[in-house]
Amino acid sequence: MRWIKCFDFKDIIYEKADGIAKITINRPEVRNAFRPETVKELLIAFHDAKECSDVGVILLTGAGPASDGKYAFCSGGDQRIRANKGYVGEDDGVARLNVLDLQKLIRSIPKVVIALVAGYAIGGGHVLHVVCDLTIAAENAIFGQTGPKVGSFDGGFGASYLARIVGQKKAREIWYLCMQYDANEALKMGLINKIVPISELESEGISWANKILAHSPLAIRCLKSAFNAELDGQAGIQELAGTATLLYYMSEEAPEGKNAYLEKRKPEFKKFTRIK
Ligand code: 2NE
């Protein structure tokens, strides 16, 4: 794969090739913990991938190994800069939880997002893989939440969507006990889709991406918003309805309304047959 680097980011690496975007959190010295600058860059990269019509699948991963040989997908919020109101940006001194915006974007982006997890996916980093459409894990992957141990919690997607994936009992166990789970345990509870040797993690992600890219983009888009609609309340319905509007714009009927308006005439909708 000949990845082409996009933008010049500090905390992440953003690359594209052959319909796939790869976003790598690049802070291995802190197990790829995120700070506001990291999340800001991730939001820019995901927005770019959303706008780029060449991209159909996005891979999200963590850089590694670190200098001690260990791997991480992401270890959540950088605890060194956590203040009373959230994580404080180095540039602006503002405390916030902008990772929640990132979670929403990953879920609503009309393209498939695949998490490639090597090593730790912990805390807010665990939630990031949870909100991805699919997760492929290396054999060394470790999953877990730490919130109640470090004085935090994610009661949004991190709890409710996790419970939809692994069931209420298991989700409560994960959050209340803050234990770590290896790749086999994660696969058994339906938290991830597949385990591969670490040397094959990226190639497996690319192989899955290519399978998806060979399929109908609109069908995949409709399916993603349909999966979300049931769970995400008004926002989920809005997403699905947005896709329905897109499809309607592509019909013969919708342009008739717009053209009639622009031509200052009455629209002729009667010429269209009602679909049974
Ligand atoms: C990830 C884990 C289990 C790895 O353990 P280990 O033993 O392999 O590494 P170690 O030595 O703990 O970490 C290596 C270096 O990375 C730093 C460590 O402090 C250490 O630095 P030095 O001592 O070498 O200087 N590091 C690792 N994770 C960090 C982090 N999140 N923030 C800052 N520095 C970090 C182990 O490192 C671990 O448990 N990490 C903490 C995981 C955690 O509690 N994350 C925050 C959860 S809360 C959250 O993410 C959140 C939320 O709940 C709601 C909204 C937004 C965010």
Legend entry - Dipole magnitude (debye, nearest 20) for the stretch 120-221, charges at Cβ of Lys, Arg, Asp, Glu: 420
Legend entry - the chain: angle of helix 253-262 to the longest principal axis, Cα-based, in degrees nearest 10: 70
Legend entry - Alpha-carbon centroids, the stretch 11-25 and the stretch 89-153: separation in whole Å: 16
Inset, instruction - Output the direction-averaged projected area (hull surface divided by four) of the convex hull of the alpha-carbon atoms of the chain, in nm². - result: 18.4
Inset, instruction - Could you tell me, in Å, what Rg and Dmax come out for the Cα atoms of the stretch 68-175? - result: 14.1, 41
Inset, instruction - Kindly express, to the nearest 10 degrees and within the range 0 to 90, the angle between helix 99-108's C-alpha long axis and the longest C-alpha principal axis of the chain. - result: 40
Legend entry - DSSP beta bridge pairing in the chain, given as percent antiparallel to the nearest 5: 35
Inset, instruction - Would you calculate, for the chain, the mean residue ellipticity at 222 nm contributed by helices, counting each DSSP H stretch of 4 or more residues as -39,500 (n - 2.57) and dividing by all residues, to the nearest 500? - result: -12500 deg cm²/dmol
Legend entry - When each of 70/188; 22/211; 104/149 is checked by Cα-Cα distance, pairs over 27 Å: none
Legend entry - Point-charge dipole on Cβ atoms (K/R +1, D/E -1) for the chain, about Cα centre, debye to 20: 900
Legend entry - Neighbour-limited loop hits for trypsin sites (Lys or Arg not before Pro), the stretch 69-118 (at most 15 other Cβ within 10 Å; DSSP other than H, G, I, E, B): 70, 85
Inset, instruction - Could you size up the charge dipole of the stretch 47-195 around its Cα centre, putting +1 on the beta carbon of Lys and Arg and -1 on that of Asp and Glu, and report it in debye to the nearest 20? - result: 620
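Laboratory data are not the source of any read-out in this text; all were calculated from the coordinates shown. From a predicted model like this one, the values you see are computed outputs, not experimental measurements. Neighbour counts run over all protein chains shown; Cβ positions are idealised from the backbone, glycine included.
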